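What follows is a single structure, written as structure tokens, with notes after it.
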Amino acid sequence: MNMTQQTLLPAYDHRPGAGPTLVFLHYWGGSARTWDLVVDRLAGRDVLTVDFRGWSRSSALPGPYTLGQLADDTLAVLADAGVTDYVLVGHSMGGKVAQLVAAARPAGLRGIVLVGSGPAKPAAHITPEYREALSHAYDSTESVAGARDHVLTATELPAPVKAQIMTDSRTVADAARTEWPLRGIAQDITEHTRRVSVPALVVAGEQDQVEPVDVLRDNLVPHLSQADFMVIPRTGHLIPLEAPADLVDAITAFAPAACPSPRPDDGLYP
């Protein structure tokens with residue numbers, strides 16, 4: 001990217017390799033590097049990771065930080081990187097963004113992988129009181145540690161990964177930090193998700209407290225026209241960090257390298 005593009009677009013990393021490109025969209029509190037343990041296991045694959053507007057290297061970008069803006073940013077990054085044949089892999093908030101991108105039926109999209117994704121229809125427990133409390137989860141190092149160790153994960157993470165989560169959760173514009181819990185998490189996007197015409201894989205963590213298995217099964221899968229559903233055992237919400245090898249196996253089975261391009265008339269796998 002040149003300097004002008006850097007000021008307009010979120011920061012991203014594009015590693016060339018065999019396609020289709022795997023485009024990784026991070027969770028609320030994460031960054032492009034949330035996917036490092038996954039990307040490191042995808043040697044030879046074409047991969048692109050993004051720091052959403054307001055987060056990490058993109059923390060200085062102005063708002064709005066809405067889901068719609070993040071979806072528009074994703075399409076702009078794909079165009080800037082010259083990616084024309086790809087699969088979106090979205091985690092949590094990034095999964096909800098992926099649904100909005102896919103609903104626009106962009107050329108070149110051949111599938112979506114939704115990992116512990118925000119569901120199309122918000123769960124019943126997403127009350128105003130819940131959202132207000134959630135908006136303070138990353139207010140301090142103490143609150144981040146509590147969320148990381150007691151809500152987000154079901155396994156013990158290595159110290160460097162725990163430190164990375166701490167840094168990423170705190171490197172964010174204030175308005176971006178509160179946009180998801182106060183508004184985005186409660187946004188009903190079922191009308192958009194029903195327009196997704198490519199195959200989807202929904203991946204749940206068996207012990208996910210944030211987007212539990214039954215919520216994804218009931219509030220997301222039924223709104224996708226072509227969805228497979230799988231549960232990764234013994235993992236919580238931070239699947240890319242807790243179970244990267246299992247996630248890579250699922251992604252590569254769903255989107256193997258160098259498979260034929262989708263037909264232009266239907267946008268689906270051949």
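We did not get these values from a lab; they are worked out from the coordinates using the rules stated. Everything numeric here is computed off the predicted structure, so don't read it as measured data. Every residue, glycine among them, receives a Cβ derived from its backbone with ideal geometry; neighbour counts consider all protein chains shown.
Entry note, the chain: the mean residue ellipticity at 222 nm calculated from DSSP H runs of n ≥ 4, each adding -39500 (n - 2.57), is -9500 deg cm²/dmol after division by the residues and rounding to the nearest 500. Normalised by 2.2 N^0.38 Å, where N is the number of residues, the C-alpha radius of gyration of region 3-254 stands at 0.91. Pairs of Cα atoms nearer than 8 Å and 6+ residues apart set the relative contact order; for the chain it is 23 percent.
Each label point was placed 7 Å from the Cα along the Cα-to-Cβ direction; for Arg41 and Asp80 their separation is 2.9 nm. For the chain, a Gaussian network of Cα nodes joined below 10 Å ranks Phe254, Phe24, Phe52 by mean-square fluctuation, and the top entry is Phe254.
Spin-label model, Asp149/Ala163: points 7 Å from Cα along the beta carbon direction are separated by 1.6 nm. Ordered by the number of other Cβ atoms lying within 10 Å of each residue's own Cβ, fewest first, Met93, Met166 fall into the sequence Met166, Met93. Checking the a/c ratio against 1.5 first, then a/b against b/c, what shape does the Cα gyration tensor give for region 70-144? Prolate.
Look at where the Cα atoms of region 42-59 and of region 172-207 average out, and the two centres are 18 Å apart.
Compared with the alpha-carbon gap, the fully stretched path from Glu142 to Lys121 is longer by 4.5 nm at 0.36 nm per residue.
Once fully extended, how much extra length lies between Arg183 and Phe229, figured as 0.36 nm per residue of separation less the alpha-carbon to alpha-carbon distance?
Full extension of this stretch gives 13.9 nm more.
Our note on the geometry: Cα centres of region 243-258 and region 26-41, 15 Å apart. Size estimate for region 1-123 follows the Kirkwood approach: the inverse of mean 1/r over distinct Cα pairs works out to 14.2 Å. In region 178-239, the inverse of the mean reciprocal separation of distinct Cα atoms equals 12.6 Å; this is its Kirkwood hydrodynamic radius.
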